[in-house]
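Data first, discussion second: the structure below is written as structure tokens.
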Ligand code: BGC
């Protein structure tokens, strides 16, 4: 009997083992089996696109086409297969989510998960397999035309938002694509510029978000950038692709090129690129097409190198469970896109991302005091979804600020709208007649809202160019100053996806809200914040300098570079790491944002639960809502290394937590710091090091408002 039972147990155990063995082995087994059945010709066909956004199917083996699509704010409208431009579908209008800068300014990793979930569902409904986002490049210069597509100047904040976004989106059955790997921090000469950066800047500033996306987010694809790094194009760069991404970080997914970012067959074939997208000059010639086939036949490239590329493409397909999948059925698709629950997610992110930068008892607006409201500025009526480059969206709808206010206020207030400035192509133009009209409208109103900032015109927040300077375009400084003079009850709402100068009028304005592009519910979110239905809780994800000349890329570094090279002499001194350490006062610091209520921080405790590997340090503190309104506070945890062989920034962000508190309520917050929080990258040792000694843990409401601190020794 006993023997029989043991035999049963053994049999059951074997089945379990066999099953788990089959499960863990099956991805690789499936991949290898398919790979062994492919002809060389078929393999070559798989490693480049066949239309602008697809790869070819191989029906005899059940290998489906991969459907790729931009971009960070949602699924782009269908592109024509054989040219840039719309396929003119009538059923592909989608949810338009806030920009990634907005998401980052919520400092809410749970919202990044919600964003990822909604974004993944939209992509599935559109029949897409790989979504070309998130953009993870660092805001190095205020002038980068694509800053609004990225998240922050800080690698830690970017990493935390990215990891949750990626995990959630991929949990819906799509792959996302971490881009643009790496050092694509300007649009100027982006296709040719050679970036020279130190190993320390690379590791500490420009790579951590990609590293976290691979190691923690398990991102399934990465897009190589347009630019060169240390003399080699990023898409043909063995150091970035093979050594770091695939070697050190163990990335198993596929690396695709940015569109048209491949320049040489041999280099592309042997440097770690797996998928070439977009043919040469728009013709059907790919560097990794016939030209590569010829090289293999001539035995100048080993077929094994191609196998690795195909293996990774098949690996992604197996992970997505799309082998044998038919072409997406688009009937009935329109009803599945931009659904009310996804619009609600877009709204939630918009609400939490709005940043209150100044408030001299001006906000929230009190309806009792307002009979006539002047609304001034082109951004009150401008729709932003259809601009910006590859991130453009055919939005199901987009509520402008004016529309949001009209529906919030109904007939209770008389709204007088005037355009205020002419958002023409000439950024320097000042329209005196529009200013005069705005002044007149403002003078007779009880309160004035100016909606200004930037838009997605080429040369502003738009792919392909950088901004000419940090100034507000279209004579907005003149407009704002004149309107404040006419009516001191003026509030400015600045909609901009990158830094703009505001120093010439900041001391005269009563209230200032600052946001990036907020998506389909822009107007709803802004009206809610202005009238206090929502208490603003966003904080800056980048430093706002007084002027361009204060910023480190301008002062220490080079921008946009000379003779095709840009030296990142600003090194690790990017954003607040520079302003803080060198004592340069910005207009508003990194991490800054006010609320309609107030908060107090007390009771800091640092518990070094484990000093040795894996190091774990739990920082706890209490936040109390000391005001009269419910609100949310973002507490930031910075680390300062007090004794270090290499120069280190005065402080670096290593943790944060967002608390939602009723009036009078307190909560204990806990933030866990790991080993990386205390390390720096030592270029001599070629590794991250933890130098024993004293460290300070700094807890604050922004990078320049530290409220609690504790010292520890490691
Ligand atoms: C952009 C990418 C984008 C691709 C496809 C490129 O110009 O740099 O971000 O995903 O086009 O539209």
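The values are calculated or read from the model by the stated rules, or taken from the named source; none is laboratory data. Computed from a predicted structure; not experimentally measured. Backbone-built Cβ (ideal geometry, glycine too); neighbour counts: all protein chains shown.
Restricting region 84-101 to residues that are more than 23 Å from residue 331 (Cα to Cα) and within 13 Å of the ligand (Cβ to nearest atom), the residue that is surrounded by the most Cβ atoms within 10 Å (Cβ to Cβ) is 100.
Each residue in region 522-571 was checked for being farther than 27 Å from residue 700 by Cα, assigned to a helix (DSSP H, G or I) and outside the structural domain of residue 397 (by TED's automatic domain parsing), and 3 pass. When region 187-215 is limited to residues that are in contact with a helix residue (DSSP H, G or I) (Cβ under 9 Å, 6 or more places away or on another chain) and within 16 Å of the ligand (Cβ to nearest atom), the one that is nearest to residue 230 (Cα to Cα) turns out to be 195. Identify the residue in region 368-395 that is over 26 Å from residue 179 (Cα atoms) and in contact with a helix residue (DSSP H, G or I) (Cβ under 8 Å, 6 or more places away or on another chain) and, among all such residues, is nearest to the ligand (Cβ to nearest atom). Ranking the qualifying residues of region 368-395, first place goes to 379. For region 441-479, a residue qualifies if it is closer than 15 Å to residue 423 by Cβ, more than 16 Å from the ligand (Cβ to nearest atom) and buried (at least 24 other Cβ atoms within 10 Å of the Cβ), and the qualifying residues are 450, 451, 452, 453, 454, 460, 467, 473, 474, 476, 479. Residue 51 - would you say it is more than 16 Å from the ligand (Cβ to nearest atom), on the phi < 0 side of the Ramachandran plot and part of a loop (DSSP other than H, G, I, E, B)? Against the criterion (more than 16 Å from the ligand (Cβ to nearest atom), on the phi < 0 side of the Ramachandran plot and part of a loop (DSSP other than H, G, I, E, B)), residue 51 does not qualify.
When each of 237, 227 is tested for being over 23 Å from residue 79 (Cβ atoms) and either within 16 Å of the ligand (Cβ to nearest atom) or outside the structural domain of residue 191 (by TED's automatic domain parsing) (or both), the lone residue that passes is 227.
Just to check your reading of the model, which residue among 205, 138 is buried (at least 24 other Cβ atoms within 10 Å of the Cβ) and more than 11 Å from the chain's Cα centre (by Cα)?
Of the residues listed, the single one that is buried (at least 24 other Cβ atoms within 10 Å of the Cβ) and more than 11 Å from the chain's Cα centre (by Cα) is 205.
I'm trying to understand the selection: among the residues of region 497-521, which are within 18 Å of residue 366 (Cα to Cα) and either under 22 Å from the mean Cα position of the chain (by Cα) or not assigned by TED's automatic domain parsing to the domain that holds residue 482 (or both)? Within region 497-521, just 513 meets the criteria. Residue 222 satisfies every condition listed in (1) over 26 Å from residue 40 (Cβ atoms); (2) surrounded by 20 or more Cβ atoms within 10 Å (Cβ to Cβ); (3) touching a strand residue (DSSP E or B) at 6+ places or on another chain (Cβ under 7 Å) except (1).
Here region 535-575 is the region considered, the condition is being surrounded by fewer than 24 Cβ atoms within 10 Å (Cβ to Cβ) and free of Cβ contacts under 8 Å to residues at least 40 places away in the same chain, and the residue that is nearest to residue 205 (Cα to Cα) is 569. When region 275-288 is limited to residues that are crowded, with 20+ Cβ neighbours inside 10 Å and more than 16 Å from the ligand (Cβ to nearest atom), the one that is nearest to residue 231 (Cα to Cα) turns out to be 287.
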